[in-house]
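Quick notes on the structure that follows.
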Amino acid sequence: MALKVEVYQKEKVRPCSPTPQTLRNYKLSLLDILAGTFYTPIVFFYDSCARRHDYDELKDSLMETLSVLYPLAGRIKDGSTIECNDEGADFVRANVTNCDLGEFLRHPKLEDIQQLLPLHPYPNAIDPTQPMLAVQVNRFRCGGTAVAVCIWHGLADGAAMIGLFNTLAAINRGEGPINPDGLVVDASAIFRPGDLVRSPLMPHSLNNQGNYSSKRFVFSKRDIERLRNDYYHPSEHRRRPSRVETLSAFIWAAVIRAILPVNPNLKTHLLTNVVNLRKKLNPPFPSQCLGNINQVVAARWESEADGGGRITAGFLLGRVMEAIHKVTDDYVRKMHVEGGYLRAILGVSKALHIADEIKVLSISSWCNFPFSQVDFGWGKPTWIGLGHTLEDLAIFLDADDGGIEVWIGLTQKVMCNLDKDVEFNAYVSFSQIFSESSCRLQSAVCTVARG
């Protein structure tokens, strides 16, 4: 049964106090520009509770939040600047007329999640009329609520989104903003955009390379610990791998095994991870500040050198750890001298045009970002849904028991092979397909190659 969502009110929410003229122009960094022109869509689901879900109150809290995170109330001015003109965010109210929240959560589908969103997350173009932030509150028949948020990726990565949600939630609970002075920073001084600008009218176009399937896989804390213990060898690794490093290597190995029967010409497979730089820089950036304060690192598998035996996570783990461990303040600053990071990204992008010989799996981990703790005064969310459509991309979220929930999109043939992988499925505690349509979202590396 198709979900029926009836929008009954749309309005523009402006900051409750004007942005000073001295803060009128917010400069995008190189990393912001590389992030792409799409929105990150995320939906928080809340059961009905003793305290009524007051949407007027949430709107007022959003007004106060926009006064703190003022670039989110602005509009794109040119390829490297947000004009903080207090145009505001979209605030949309809707009713889900044919479904209770419990029914929806039994088997959520991507097309249903996307119906709850306030705007399309992948616009054909970004122009000065489009908001940086949009919120839609959806009331289910039972009184439960889905708070759906679309935030422009050029202004916010996962850590920045937590800064937004924590601020909005704290204000709505009557506690006031948390650390309001540390949420807007100038990253463009370190990550200089140079001559790279993105036209406000430049579409975020991607080549459709076939039909994709997207699934959710849940890995329990116990099984991830088993993998960490099995793959940790003190003689080979200087430290015990993190759960994200371990699961990244585990999924990477399984994906390579799933690709090879489909693409026997594969010569190189890259795994990219997004590394949060906020605490790695000296001095550090605030932990939840606005912007894309992260860098993509890559580990490499070569068929000629590495394809002789069965591909295992234990074999690949050292490469994942090495790629992530090398990201230090000194490394990052050297990478950004005279456009070095951009040249590295472009070099990989050019290689990706050899379609059969080189492939990439990108992983973006949102683990340790407390999305599951976002409480507007209605209790913690029952579930968190992603409105992304995924192409050779996996997103990690914390699971309730300390495990990890993985949302991943692969071509249908590769996903079919992954489903048959006995070694992979031995560690999966739950899986659920949520989309079998052609997909749109890729990593920053692929965006530069094809955008």
(message) Tell me the residue from S349, S362 that is touching a Cys at 6+ places or on another chain (Cβ under 9 Å) and more than 28 Å from V422 (Cβ to Cβ), please.
(response) S349
(message) Let me spell it out: the conditions are (1) surrounded by fewer than 17 Cβ atoms within 10 Å (Cβ to Cβ); (2) closer than 24 Å to A159 by Cα; (3) touching a residue at least 12 places away in the same chain (Cβ under 8 Å), and V262 meets all of them except one. Which number is the exception?
(response) (2)
(request) Filter the stretch 377-392 down to the residues that are surrounded by fewer than 19 Cβ atoms within 10 Å (Cβ to Cβ) and part of a strand (DSSP E or B), then identify the one that is farthest from the chain's Cα centre (by Cα). (result) W383
(message) Looking for something more than 21 Å from K215 (Cβ to Cβ), of a type outside the set (V, I, T) and at pLDDT below 95 - is there at least one such residue anywhere in the stretch 426-447?
(response) yes
(message) Looking for something surrounded by 18 or more Cβ atoms within 10 Å (Cβ to Cβ), among the hydrophobic types (A, V, I, L, M, F, W, C), modelled with pLDDT of 95 or more and not in a strand (DSSP E or B) - is there at least one such residue anywhere in the stretch 393-403?
(response) no
(message) With the requirement that a residue be over 27 Å from the mean Cα position of the chain (by Cα) and either surrounded by 11 or more Cβ atoms within 10 Å (Cβ to Cβ) or of a type in the set (A, V, I, L, M, F, W, C) (or both), what does the stretch 10-27 give you?
(response) C16, S17, P18, T19, L23, R24
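Let's see how each residue does on (1) β-branched (V, I, T); (2) buried (at least 16 other Cβ atoms within 10 Å of the Cβ); (3) in contact (Cβ under 8 Å) with a residue 12 or more places away in the chain:
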residue: E304; (1), (2), (3): no, no, yes
residue: G314; (1), (2), (3): no, yes, yes
residue: R319; (1), (2), (3): no, yes, yes
residue: T328; (1), (2), (3): yes, no, yes
residue: R333; (1), (2), (3): no, no, yes
residue: E338; (1), (2), (3): no, no, no
residue: G347; (1), (2), (3): no, no, no
residue: P370; (1), (2), (3): no, no, yes
residue: D375; (1), (2), (3): no, yes, yes
(request) Could you look through the stretch 56-94, keep only residues that are assigned to a loop (DSSP other than H, G, I, E, B) and in contact (Cβ under 8 Å) with a residue 60 or more places away in the chain, and pick out the one that is nearest to F165 (Cα to Cα)? (result) L69
(request) Please determine, by comparing only the residues of the stretch 334-348 that are within 15 Å of G194 (Cβ to Cβ) and of a type in the set (D, E, K, R), which one is modelled with the highest pLDDT. (result) R343
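Does L342 satisfy the criteria of being out of contact with any helix residue (DSSP H, G or I) (no Cβ under 6 Å at 6 or more places or on another chain), outside the structural domain of D32 (by TED's automatic domain parsing) and crowded, with 19+ Cβ neighbours inside 10 Å?
Considered against the rule, which asks whether it is out of contact with any helix residue (DSSP H, G or I) (no Cβ under 6 Å at 6 or more places or on another chain), outside the structural domain of D32 (by TED's automatic domain parsing) and crowded, with 19+ Cβ neighbours inside 10 Å, L342 comes out as yes.
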(request) Kindly provide the set of residues from the stretch 152-170 that are hydrophobic (A, V, I, L, M, F, W, C) and either in a helix (DSSP H, G or I) or surrounded by fewer than 24 Cβ atoms within 10 Å (Cβ to Cβ) (or both), ordered by number. (result) L155, A159, A160, M161, I162, L164, F165, L168, A169, A170
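The values are calculated or read from the model by the stated rules, or taken from the named source; none is laboratory data. What you see is a predicted model, and the numbers here were worked out from it, not measured in a lab. Note that we place each Cβ from the backbone using ideal geometry, even for glycine, and neighbour counts take in every protein chain shown.
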